[in-house]
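Please treat every number below as a calculation from the coordinates, not as lab data. These numbers were taken from a predicted model, which means no experiment stands behind them. Because the Cβ atoms are built from the backbone with ideal geometry, glycine has one as well, and the counts that use them run over all protein chains shown.
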Amino acid sequence: MKKTKLAVWKFSSCDGCQLSLLDLEDELLEIAESVDISYFLEASSRLKRGPYDISIIEGSVSTFHDIERIKAIREKSKFLLAVGSCAVFGGVQALRNYTLPGEYPQIVYEHPEYLSALDASGPVSAHVKTDLELRGCPPNKRQILEVLTACLHNKKPDLSSGSVCLECKRKGIVCVMVSKGIPCLGPVTHAGCGALCPACDRGCYGCFGPKETPNTESLSAWISRELGMSREDVLRSFRHINCYALEFCLESIKHEPKN
């Protein structure tokens, strides 16, 4: 029986998404019976040439070389899966997209002239076609397993939808904003984490990015009026892990200092 060839690629990222895949442990061993892990430097130095049936991409496209690599990977991959906030939205490194080109390197590096990077950090989909995207920082490992299993059986994956608030409701978690006055992005954030932060009496940070048609304006008005958050704090709330996701980006711009 011919095995499905799987490749896992890293771009500009922290490796957390790849670790989520490795955290599957026993399940990954079962999948290995049907999958030939052909390229996965986080797990093995064994390398096999493409083409590949499934390519999993972690990380944002941040350099000129990244653009060349992602196009080459797309050409030799039947199915391309972008995994995590960096690959889907550009990641926390996309904060530099709100600054002047080269501003951060001038502050951080002694010799910024040695660097060669794009002016903006962007998602994989800005450069090539993606067949599916999994959100999260990191993504839910069960969702990764669901997608891989679905690909192996040629079916549509069953993934979470709605907002983090729905996950709170399902788990019986009392709203931290209403009961404790803790700012929370749960009403505008895509489900998938299992309401991890609210379950620990912390507000949602928006790790899974904006849900479908999020009412960010209403949430901003409420946390400003009822919780007394300043414009700067509201701006910082939306310029976090998924700062370059369209809806979060547009909302943050509304709260920039007025000249």
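Per-structure values
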{"quantity": "Extended-chain gain in nm, criterion 0.36 nm per residue less alpha-carbon gap, Lys71 and Leu250", "calculated": "61.6 nm"}
{"quantity": "Sequence ranges 43-49, 146-152, 184-190, ranked by mean other-Cβ count within 10 angstrom, highest first", "calculated": "184-190, 146-152, 43-49"}
{"quantity": "Ascending count of other beta-carbon atoms within 10 Å, so fewest first, for Phe40, Phe89, Phe64, Phe11", "calculated": "Phe64, Phe40, Phe11, Phe89"}
{"quantity": "Nearest-20 debye value, the range 23-152 charge dipole, Cβ charges on Lys, Arg, Asp, Glu", "calculated": "420 debye"}
{"quantity": "Candidate lysines - alpha carbon under 29 Å from Lys48, same-chain residues fewer than 8 apart omitted", "calculated": "Lys2, Lys3, Lys5, Lys10, Lys71, Lys76, Lys78, Lys129, Lys141, Lys155, Lys156"}
{"quantity": "Under 5 Å, built H, 5+ apart or other chain: amide partners of Ile173", "calculated": "none"}
{"quantity": "Mean separation of Cα contacts under 8 Å, 6 or more apart, over the residue count of the chain: relative contact order %", "calculated": "17 percent"}
{"quantity": "All-pairs Cα distance distribution in the chain, expressed in whole percent, bin size 10 Å", "calculated": "7, 28, 32, 22, 10, 1, 0"}
{"quantity": "Sequence of Glu251, Glu75 once ranked by neighbouring C-beta atoms within 10 Å, starting from the fewest", "calculated": "Glu75, Glu251"}
{"quantity": "For the chain, calculated [θ]222 nm from helices alone, where every DSSP H run of n ≥ 4 adds -39500 (n - 2.57)", "calculated": "-9000 deg cm²/dmol"}
{"quantity": "Rg and Dmax [Cα atoms of the range 4-152; Å; Rg one decimal, Dmax integer]", "calculated": "15.9, 49"}
{"quantity": "Residue-wise HN-Hα coupling along the range 28-34, computed from phi with Karplus coefficients 6.51, -1.76, 1.60 (Hz; x: Gly, Pro)", "calculated": "5, 5, 5, 5, 4, 5, 10"}
{"quantity": "Candidates Val178, Val128, Val88: whichever shows maximal mean-square fluctuation once the chain is modelled as a Gaussian network with Cα springs under 10 Å", "calculated": "Val178"}
{"quantity": "Difference of contour (0.36 nm per residue) and Cα-Cα distance, Arg231 to Ser34", "calculated": "65.7 nm"}
{"quantity": "Karplus-derived HN-Hα couplings along the range 125-134 (A = 6.51, B = -1.76, C = 1.60, θ = phi - 60°), whole Hz, x at Gly and Pro", "calculated": "5, 6, 10, 9, 6, 9, 8, 6, 10, 10"}
{"quantity": "For Gly203, residues with placed amide H under 5 Å, excluding near neighbours", "calculated": "none"}
{"quantity": "Sorted by Cβ neighbour density within 10 Å, fewest at the top, the residues Ser85, Ser13, Ser224", "calculated": "Ser224, Ser13, Ser85"}
{"quantity": "Percent of Cα-Cα distances greater than 18 Å, calculated over the range 164-253", "calculated": "37 percent"}
{"quantity": "Cα centroid separation, the range 175-225 to the range 56-128 (Å)", "calculated": "27 Å"}
{"quantity": "Lys, Arg +1 and Asp, Glu -1 on Cβ, resulting dipole of the chain about Cα centre, debye, nearest 20", "calculated": "520 debye"}
{"quantity": "Placed amide H near Asp36: partners under 5 Å, 5+ positions off or other chain", "calculated": "Thr4, Lys5, Leu6"}
{"quantity": "Stretch gain in nm, segment Val178-Ala126, where the contour uses 0.36 nm per residue and the Cα spacing is subtracted", "calculated": "14.9 nm"}
